[in-house]
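Engineer: Shown below is the structure under consideration.
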Amino acid sequence: MPLVRISMNDGRADAARRAISDAVHQAMVETIKVPADDKFQILSNHSAGEVIYDAAYLGVQRTDGIVVIQITLNAGRTLEMKKALYARVAGLLKEKAGVRPEDVVISLTEVTKENWSFGNGLASYAQ
């Protein structure tokens, strides 16, 4: 189960936020084998000055249209799968929500399966 946090500046319409959410999930299903019904996301809109970023870090020119995506997921995906995920997220965000690929920042945090509880106070994946 990935847990996805998507942070962006205020000003996007509800439909655009939903398109961003759906695009990120679609990319995970297509590239890193996330089940289609395994969608847990937290979308956060921030006022001016609350999303702080370097506008040219590593030579990428970012704008206030920045979308920061943090994905916590089970460990075990290959480097190739991760690269495919990054590319697919950026491509789908451009296609479905008009987000510039330069404004897409993604961070993965891998955890072991015993670090999840899906309810009832149980370690859902623990052996």
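Engineer: Tell me, which residue of segment 15-40 that is of a type in the set (S, T, N, Q) and out of contact with any strand residue (DSSP E or B) (no Cβ under 8 Å at 6 or more places or on another chain) is farthest from LYS82 (Cα to Cα)?
Structural biologist: Here the answer is GLN26.
Engineer: Does segment 87-98 contain at least one residue that is part of a helix (DSSP H, G or I) and acidic (Asp, Glu)?
Structural biologist: yes
Engineer: State all residues of segment 85-127 that are open to solvent by 60 Å² or more (accessible area, probe 1.4 Å), at pLDDT 95 or above and closer than 17 Å to LYS33 by Cα; if no residue qualifies, say none.
Structural biologist: Hits for segment 85-127 are TYR86, ALA87, ARG88, THR109, GLU110.
Engineer: Mind checking which residues of segment 49-84 are open to solvent by less than 50 Å² (accessible area, probe 1.4 Å) and part of a strand (DSSP E or B)?
Structural biologist: Scanning segment 49-84 gives VAL67, VAL68, ILE69, ILE71, THR72, LEU73, ASN74.
Engineer: Separate question: Within segment 22-33, restricting attention to residues that are touching a residue at least 24 places away in the same chain (Cβ under 8 Å) and of a type outside the set (D, E, K, R), which residue is surrounded by the fewest Cβ atoms within 10 Å (Cβ to Cβ)?
Structural biologist: GLN26
Engineer: Please state which one of ALA19, ALA15, ALA36 is at pLDDT 95 or above, within 16 Å of VAL89 (Cα to Cα) and either under 12 Å from the mean Cα position of the chain (by Cα) or open to solvent by 50 Å² or more (accessible area, probe 1.4 Å) (or both).
Structural biologist: Testing whether each residue is at pLDDT 95 or above, within 16 Å of VAL89 (Cα to Cα) and either under 12 Å from the mean Cα position of the chain (by Cα) or open to solvent by 50 Å² or more (accessible area, probe 1.4 Å) (or both) leaves just ALA36.
Engineer: Restrict the check to segment 45-68 and report whether at least one residue is under 16 Å from HIS25 (Cα atoms), aromatic (Phe, Trp, Tyr) and modelled with pLDDT of 95 or more.
Structural biologist: No, segment 45-68 has no match at all.
The values are calculated or read from the model by the stated rules, or taken from the named source; none is laboratory data. Predicted model only: the values in this text are computed from it and were never measured. Using ideal geometry, Cβ is built from the backbone for each residue, glycine included, and neighbour counts are taken over all protein chains shown. SASA here: full protein model, heavy atoms, side chains in, ligands and nucleic acids out. Shrake-Rupley method; radii C 1.70, N 1.55, O 1.52, S 1.80 Å.
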